[in-house]
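First up is the structure itself, then whatever we jot down about it.
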Amino acid sequence: MRLDPALAARIEASVADGFADQVAHTQALVRFGSTRGAEHAIQDFVFRGFRARGYATERFGIDAAAVEAHPGGAKVAAGHSEAPVVVGIHRPRDERGRSLILQAHVDVVPPGPLDLWTHPPFDPVIAGDWMYGRGAADMKAGHAANLFALDALRRIGLQPAATVTIQSVVEEESTGNGALAAHLRGYRADAVLIPEPMDEALVRANTGVLWFTVEVRGRPVHVREMGAGANAIDATYRVIGALRAVEARWNADRAGRPHFAEAEHPINLNIGRIEGGDWISSVPAWCRIGCRIALYPGLRAADAAAEIEAAVGAFARTDPFLSGTPPRVSFDGFFAEGYVLEPGSDAENVLAAAHRAAVGTALTSVMSPCYLDTRVHALYERVPALCYGPRSENIHGFDERVSLASVRRITTAMALFVAEWCGTEPA
């Protein structure tokens, strides 16, 4: 049953009434420099916010053995966050509606050189319609929207007539183990909504992602005898060429794949880190690169990993030096598979109606060639996993920013979605 227009108007007005507080809350989240491993303080803040609203609360650490044993889990290696997952649960008096998980992550990527930012990255400056700051878009605006969509109902004396679980996770930018840990903890719902910055569109298809490290060993000598040695950094560039060939081959395989066939370059290999050598006047004895590559939905992460290992090994056997000192490949981050959100679910239809009411246009869908935590719910819970969020610019870059007008629109759509999907009862 569609939402009563009078109730929808009251909800929209309530979102507007609370929006100044929502913006301030988003700014408070951005001020936490919650890079990987440094999320404890922000998760304490989130926990207190859930508890202050009367939600049943829980926080728990990531069980390394459990996530590593799961096919969608990544290794809990050095640098993995030890911050907890925080959960707030609204339980209705009378469970009449459909249950929902609202999820967001608090971890952000490093800001990079600070002098390349117009404003300090953890100073949430507002200029016109834009809020700037690392994580403002990805995804602290969405994190706040989860909370304030429910606040909007409470402000007019209503609450969801179904269980709503709000999950604040870590490790979204590195392994996806935070969302997987909540799944393994047993949290389930009839649908999931994750408001990542998607320019007010719904993600229809999402790639999987692998992180891996390649380590190359060289033969160190003094530079005066350079020809007698083997430069590990030079050799690593040759390995990168072999990896680019894998990337090209996977992109050429997009024909006939729904949601990917028309994309120009859906599979992106990123050489994200490089380190090596010990002395500028010595031929380097070692080099390591940290890599990220996407994979199509339906392709097993283990099979993709095996193909990468095989490609590096095959190239090494043709290389005069590497044939005797083959590179080592290890998988030490994302080991995640992609998914496709099949159209026609009740959850998508409800969100489409809510979006039209809030934004005034039809809901569009996109393919996203990056990692999203929705994969946990789509692949392992088999429920509609909706990724839909505000307009943004420069995520993972300098001067990351989110449109506040867009945040208000998507928060309105989310509140309308909750009211229709879960039903309402007096608060």
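The values are calculated or read from the model by the stated rules, or taken from the named source; none is laboratory data. These numbers come from a predicted model, not from an experiment. Every residue, glycine among them, receives a Cβ derived from its backbone with ideal geometry; neighbour counts consider all protein chains shown. Surface areas here come from the heavy atoms of the whole protein model, side chains and all, with no ligands, DNA or RNA. Shrake-Rupley method; radii C 1.70, N 1.55, O 1.52, S 1.80 Å.
At-a-glance table
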item	result
The range 1-142 - charge dipole about Cα centre, Lys and Arg +1 at Cβ, Asp and Glu -1, debye rounded to 20	400 debye
Integer Hz, Karplus 6.51/-1.76/1.60 couplings in order for the range 193-205, x for Gly and Pro	10, 10, x, 5, x, 10, 6, 6, 10, 9, 6, 8, 9
Integer Hz, Karplus 6.51/-1.76/1.60 couplings in order for the range 401-411, x for Gly and Pro	8, 10, 7, 6, 4, 5, 4, 5, 5, 6, 5
Sorted peptide list for 335-341, 369-375, 172-178, 87-93, criterion being average Cβ within 10 angstrom, highest first	172-178, 335-341, 369-375, 87-93
Stretch gain in nm, segment Arg317-Asn394, where the contour uses 0.36 nm per residue and the Cα spacing is subtracted	23.6 nm
Per residue value of the accessible surface for the chain (all protein chains in place, 1.4 Å probe), Å²	41 Å²
Built amide H within the under 5 Å cut-off of Leu158, gap 5+	Ala427
Computed over the range 9-117: relative contact order in percent, which uses C-alpha pairs under 8 Å that are six or more apart	33 percent
Packing-based ranking, highest mean first, of 204-211, 270-277 given that Cβ atoms within 10 Å are counted	204-211, 270-277
J(HN,Hα) series, the range 91-100, from Karplus relation 6.51 cos²θ - 1.76 cosθ + 1.60, nearest Hz, glycine and proline x	10, x, 6, 9, 6, 10, x, 9, 6, 8
Student exercise, the chain dipole from Lys, Arg, Asp, Glu Cβ charges, in Debye to nearest 20	260 debye
Cut-off 18 Å, label 7 Å out along Cα→Cβ of Asn268, residues of the range 167-194 by amide N	172-176
Projected label distance in nm at Glu95 and Ala9, using a 7 Å step from Cα toward the beta-carbon	3.6 nm
Carbon and sulfur %, accessible surface of the chain computed with the full protein complex present, 1.4 Å	52 percent
Assigned charges on the beta-carbon of Lys, Arg, Asp, Glu; the range 61-104 dipole about Cα centre (debye)	280 debye
Per-pair calculated FRET efficiency, R0 = 22 Å: Ala302 and Ala65 via Cβ, rounded to 0.05	0.70
(1) 1.02; (2) 1.22; (3) 0.99, with the label sought being that of the calculated Rg/Rh (Cα atoms, Kirkwood Rh)	(1)
Charge context of Pro121, other residues only, Cβ under 13 angstrom, K/R +1, D/E -1	-1
Distance between modelled label sites at Glu215 and Arg51, nm, 7 Å Cα→Cβ extension	4.2 nm
